[in-house]
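Structure first, commentary second.
The values are calculated or read from the model by the stated rules, or taken from the named source; none is laboratory data. Small disclaimer: the values here were computed from a predicted structure and weren't measured. Virtual Cβ from ideal backbone geometry, glycine too; neighbours counted across all protein chains shown. Note: accessible area is taken over every heavy atom of the protein model, side chains too, but ligands, DNA and RNA are not part of it. Shrake-Rupley method; radii C 1.70, N 1.55, O 1.52, S 1.80 Å.
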Number of protein chains: 2
Amino acid sequence: MKKNKPYYAVIFTSTRTNVDNGYAEMAEAMETLAKQQPGFLGVESARSAVGITVSYWESLEAISRWKAHTDHVFAQQQGIKDWYSWYKVRICLVEREYDFKKVPS
Amino acid sequence: MKKNKPYYAVIFTSTRTNVDNGYAEMAEAMETLAKQQPGFLGVESARSAVGITVSYWESLEAISRWKAHTDHVFAQQQGIKDWYSWYKVRICLVEREYDFKKVPS
């Protein structure tokens, strides 16, 4: 992750249907493809009752380009048709951050 | 979730140690307590290899108050001592959002 420069987070929260139909493969393919996009900074993903994927980007333009990427548009359409009963996307400006890392004892 | 007004997201990403020591109980207690705080709007949480909790707040002041809440400070200290090998906190302004909900067929 680059730092010390304003950047953006896209929070994608979702609940899944019980339809599989290639979901895991598509999720992996989209993560691989996202990482190749200009302005991509990182991605973190977890799923329990709800799924949360946060991707990080250099600019709003980079986010718009990724949203409009042909393969991604196809995945979004299949997501609406098959995979998600609900989702929400929030585009956010990261204003402040801090972290902690345990020192091995 | 309230809407149509600028609001903030706190993205808390973490990796756990293998130490339990009351982790689940504390996580639940903190979620209950967060919900009682002024300016709290919502929270979503998931854990796979990484844990992601996103909480939503009306203002930076509400976030600061919650960070400084005595019981929360105690939990944070135990988190650093026992539960987390790594975490990162990002405080973000939500600039845009949209959602999808499947219509039952």
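Of chain B, which part is the longest with no trypsin sites (Lys or Arg not before Pro) in a loop (DSSP not H, G, I, E, B) and with at most 11 other C-beta atoms within 10 angstrom?
The answer is B:4-105.
If N is the number of residues in the protein assembly as shown, what value comes out of its Cα radius of gyration divided by 2.2 N^0.38 Å?
Scaled against compact globular proteins, the figure is 1.04.
With an 8 Å cut-off on Cα pairs and a minimum separation of 6 or more residues, tell me the relative contact order of chain B in percent.
Dividing the mean separation by the residue count of chain B yields 45 percent.
List the lysines whose alpha-carbon lies under 30 Å from that of B:K5, not counting same-chain residues fewer than 8 positions away?
Result set, ordered by chain and number: A:K2, A:K3, A:K5, A:K67, A:K88, B:K35, B:K67, B:K88, B:K101, B:K102.
On average, how much accessible surface per residue is there in chain B, in Å², for a 1.4 Å probe, leaving out ligands, DNA and RNA?
Accessible surface, normalised per residue, equals 56 Å².
Every other copy gets compared here: list the nm distances from the A:V19 label point (7 Å along Cα to Cβ) to its counterparts, shortest first, one decimal.
Shortest to longest, the spacings are 4.6 nm.
With the radius of gyration and the Kirkwood radius both derived from the Cα set of chain B, what is their ratio Rg to Rh?
Reported Rg/Rh, Kirkwood definition of Rh: 1.00.
Name the chymotrypsin sites (Phe, Trp or Tyr not before Pro) in segment A:1-73 that are in a loop by DSSP and that have at most 11 other C-beta atoms within 10 Å, would you?
Within segment A:1-73, no chymotrypsin sites (Phe, Trp or Tyr not before Pro) qualify (loop, at most 11 other Cβ atoms within 10 Å).
What is the distance, in nm, between label points placed 7 Å from the Cα along the Cα-to-Cβ direction at B:Q36 and at B:E97?
In this crude label model, B:Q36 to B:E97 measures out at 2.5 nm.
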